[in-house]
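Each reported figure results from applying straightforward, stated rules to the coordinates on display, with no laboratory input. Just so we're clear, the structure is a prediction, and the values are computed from it rather than from any experiment. Virtual Cβ from ideal backbone geometry, glycine too; neighbours counted across all protein chains shown.
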């Protein structure tokens, strides 16, 4: 039986054998994901798990003073609600839609039941969880040792990979929140990249003009994220 578009649009679901997918299929529902939609806040109960298609979701840590830093990006290669598979029903961070598009949702309880069967879904989600842990560890190093220009280049390239588009509907203020830096710092860094002909910034949009040159400017973390993504895909 050929895969339908909803299934193939998310890599975790596409990896499932037909028998596992058919058990989940009656519980899967398509959903339109609008920019700014918050799935859950930190320490909030997770009742629904989301599998993005081409949408992009940021997992954001928020301090008591309101400062924010992105701790992970989730696109069509992953899922939102990962703590569920480890037996936790609480979110570790705010999950908010950054780039709008479609997705698939399912009850957290149903997903956990299928996960506990120990089949391909369990294997794929554990591999994905391992990938996420590596990314979080690398981000800690990146945020400490690399310049804003390097981090901005790395972040834009990662968003490009997940959305499969060089045209990114992002404001510099939002990027500053995700990188955990002031907007003025992002403005200066983006200006340097734009002057070099790597990107073009307009109101609410950033276009990547030269992918290879942007990779050259990016810190080493981008290549690690990129390689990690393809290792997960090969498994």
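Note on the chain: GNM, Cα springs under 10 Å; of 141, 80, 110, the largest mean-square fluctuation is that of 141. Give the shape of region 46-95 as rounded, prolate or oblate, defined through the alpha-carbon gyration tensor: a ≥ b ≥ c are the square roots of its eigenvalues, a/c under 1.5 means rounded, and otherwise the shape is prolate if a/b is larger than b/c and oblate if not. Oblate shape, in that a/c is at least 1.5 and b/c is the bigger or equal ratio. Annotation: region 5-120 has a Kirkwood hydrodynamic radius of 14.4 angstrom, from the mean reciprocal C-alpha pair distance.
Please compute the Kirkwood hydrodynamic radius of the chain from all pairs of different C-alpha atoms, in Å with one decimal. Averaging 1/r across every pair of different Cα atoms and inverting gives 18.3 Å. In whole percents, the pair-distance distribution calculated for region 142-234 from its alpha-carbon pairs, binned every 5 Å from zero, is 3, 14, 26, 28, 19, 7, 3, 0, 0. Just checking the listed ones, 43, 64, 30: in the Gaussian network model of the chain with Cα springs under 10 Å, the one fluctuating most is 64. Taking 19, 31, 181 as the candidate residues, the one with maximal mean-square fluctuation in a Gaussian network model of the chain, Cα springs under 10 Å, is 19.
Against the chain, whose longest principal axis is taken from its Cα atoms, helix 148-163 shows a tilt of about 40°.
Note on residue 29 and residue 140: with the Förster distance fixed at 30 Å, the Cβ-Cβ geometry gives a FRET efficiency of about 0.25.
Helix 221-234 and the longest principal axis of the C-alpha atoms of the chain enclose an angle of approximately 20°.
Where only DSSP H runs of four or more residues are counted, the chain gives -13500 deg cm²/dmol as its mean residue ellipticity at 222 nm, each run worth -39500 (n - 2.57).
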